[in-house]
Amino acid sequence: ADLMFVHVVGLDETSYPGAVGVAAYITDTEFSLQTVPTGGWLQFSLAAYSVQEQDALGEVTITVTRTGSTEGEVRVHYATSDGTATAGSDYDAAQGTLIFADGVATQTFVVTIHDDAESEGNERIHLRLSDPTGGAVLGPQSEAVLAILDDEIAYGPGTFTDDDGDTY
């Protein structure tokens, strides 16, 4: 499809002495149309979340946004799944349905994190949205990652120098 923008400028004798008629210019451009779904787009507010393993709260709040339209009630299913983190020992698996009432643009859910004594490095949890209802569709960020930042010190091969300069 072609789109033509026409900017019409009125020419008058005061501003433009001797001018008669109308001037116009044409700008040709590429474009695509995208219709806003009646229930809007649902997606995570961030592509990547992170939480310290030793966080005193032991949980992280994940935000899901609704953009484009907040008309009517819509629902979306959310779920966590193992990446390098393991449900039950590193975090509590979470799943459920978020309900966005008419006019509501954000909803949240919580993932509980377990602080263990293992030095295992940073670990990842996968987050996923699915099955939107009420005329909503999934936005481009319907999947995200939650990083658990390890708080244990890793000891391994190498040397250690103490405050006195002794090397072990």
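The values are calculated or read from the model by the stated rules, or taken from the named source; none is laboratory data. Bear in mind the structure is a predicted one, so any value in this text is a computation, not a measurement. Cβ placement follows ideal geometry from the backbone for every residue including glycine, while neighbour counts extend to all protein chains displayed. The accessibility values were calculated without ligands, DNA or RNA, using every heavy atom of the protein model including side chains. Shrake-Rupley method; radii C 1.70, N 1.55, O 1.52, S 1.80 Å.
Here Thr27 meets the list (1) open to solvent by less than 90 Å² (accessible area, probe 1.4 Å); (2) at pLDDT 60 or above; (3) touching a strand residue (DSSP E or B) at 6+ places or on another chain (Cβ under 9 Å) almost entirely, failing just condition (2). Among residues of the range 74-90 being farther than 15 Å from Val137 by Cβ and among the charged types (D, E, K, R), the one that is least open to solvent (accessible area, probe 1.4 Å) is Asp90. Scanning the range 44-62 for residues that are in contact (Cβ under 8 Å) with a residue 24 or more places away in the chain and open to solvent by 40 Å² or more (accessible area, probe 1.4 Å) yields Ser45, Leu46, Ala47, Ala48, Ser50, Gln52, Gln54, Asp55, Glu59, Thr61. Taken over the range 50-93, the criterion of being of a type in the set (Ser, Thr, Tyr), within 17 Å of Val104 (Cβ to Cβ) and not in a loop (DSSP other than H, G, I, E, B) is satisfied by Thr61, Thr63, Thr65, Thr67, Tyr78.
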